[in-house]
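The values are calculated or read from the model by the stated rules, or taken from the named source; none is laboratory data. Just so it is clear, the structure is predicted and the values come from calculations on it, not from any experiment. Backbone-built Cβ (ideal geometry, glycine too); neighbour counts: all protein chains shown.
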Amino acid sequence: MKMTPMAVVIGSLLLLAAIVFMVVYMPWATRIEEPSEIFRPRSAVEARGRALYIANGCVYCHSQSIRTIDWGLGAERIAQAGDYIMDQPILLGSARTGPDLSQEGGEHPDDWHLAHFTNPRYTRTLSIMPAMAFLGQENLEDLTAYVQGLGLKQADRRMQRQRFWKQEAIRAYEAGPEANVAWLAETVPEGWRNVPNPYPTSEAGLARGHKIYQDFCLGCHGPVGDGMGPAQPYLPAAAEFHDPQRPRNFRRHPLLPDHERHHGHGHALFQKRAGIREDLGSRQLRGGLLHQPIGCQHRTQGDRRGLRTLTVP
């Protein structure tokens, strides 16, 4: 066929029509408007938090869509179109400078998020996320409510678990040392209680655990494991790993299970904790208490030995 101006115009129009049909019409014609099994409408507080999330550009670093190739937080459930039917705009994101947040709700307690938004280095020593303290307490609470709702009904179940175990831990602590220890013995799995202490380790394992502790644990539990990390003022209390005289409550850690499952970090991290206790020369406690790291108690006033680090936004 002879290439003429008419042929070029007709060919261009046909090509444009094909592109519009495939890219615009077909997605619209096959759209899904039925809610998924986890869908629920957002509350007014969550809607205000979502507006703050958009206004402060969180979507540029955090995605909200789990794909089939993902393996991190929330990867046990692949995102579905029915999860987003009331979201305008849909915040799928295009970059993961930070983690995907589509199933973040309930993975950490509210106190952790408030500390993280105030200054991300309080909870994640290597974070490059900007501090949000300038938003003020009320806005930070709205933003926390939105993030705690990501995951919708699944997030609600996780939050219910967070609230339940927090109240159970506080109740056991307030009942006194003997009742607290008895509650711990009933709650911590027997296999963890019987782990030897000091835990068998190697120089390589101890070094790996030390690095993991610095990256993921130091902000709450402190540089020397005394529960006096920079996030301490925002938390009910973080566990102290080296003081056997102060009984504490332990519950499911919001971070460790994910890293045990996907990275095998649990073993090295436990070796690090055993190393802390040996270095500080404190008396041995049951290995199970050492392996369940996070505490939920009312902190007593007085001795504040923690090194105040990582406080610069």
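Given the condition at pLDDT below 90 and of a type in the set (A, V, I, L, M), answer yes or no: does some residue in the range 101-116 qualify?
No, there is no match, as no residue in the range 101-116 is at pLDDT below 90 and of a type in the set (A, V, I, L, M).
Do any helices (runs of 4 or more DSSP H) lying entirely in the range 1-92 carry at least 1 residues that are surrounded by 14 or more Cβ atoms within 10 Å (Cβ to Cβ), and which ones are they?
Where helices (runs of 4 or more DSSP H) fall fully within the range 1-92 and carry at least 1 residues being surrounded by 14 or more Cβ atoms within 10 Å (Cβ to Cβ), they are 44-55.
Would you check if R124 is within 16 Å of the chain's Cα centre (by Cα), among the basic types (K, R) and at pLDDT 95 or above? Quick ask: steps written out before the conclusion?
On the way: within 16 Å of the chain's Cα centre (by Cα): yes; among the basic types (K, R): yes; at pLDDT 95 or above: no.
In short, no.
Only one of (1) surrounded by 21 or more Cβ atoms within 10 Å (Cβ to Cβ); (2) of a type in the set (S, T, N, Q); (3) farther than 30 Å from A29 by Cα fails for S102. Which number is that?
Failed condition: (3).
Kindly provide the set of residues from the range 41-81 that are under 15 Å from G149 (Cβ atoms) and of a type in the set (D, E), ordered by number.
E46
Do we have any residue at all in the range 3-11 that's modelled with pLDDT of 90 or more and under 21 Å from K153 (Cα atoms)?
no
Quickly run through the range 48-74 and pick out the residues that are aliphatic (A, V, I, L, M) and either free of Cβ contacts under 8 Å to residues at least 24 places away in the same chain or in contact with a strand residue (DSSP E or B) (Cβ under 8 Å, 6 or more places away or on another chain) (or both).
A51, A55, I69
Here's the yes/no breakdown for (1) of a type outside the set (S, T, Y); (2) over 30 Å from N56 (Cα atoms):
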{"residue": "M132", "(1), (2)": "yes, no"}
{"residue": "L135", "(1), (2)": "yes, no"}
{"residue": "N139", "(1), (2)": "yes, no"}
{"residue": "L150", "(1), (2)": "yes, no"}
{"residue": "Y173", "(1), (2)": "no, yes"}
{"residue": "A182", "(1), (2)": "yes, yes"}
{"residue": "T201", "(1), (2)": "no, yes"}
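Residues being assigned to a helix (DSSP H, G or I) and touching a helix residue (DSSP H, G or I) at 6+ places or on another chain (Cβ under 8 Å): count how many of those fall in the range 110-136.
The qualifying residues number 13.
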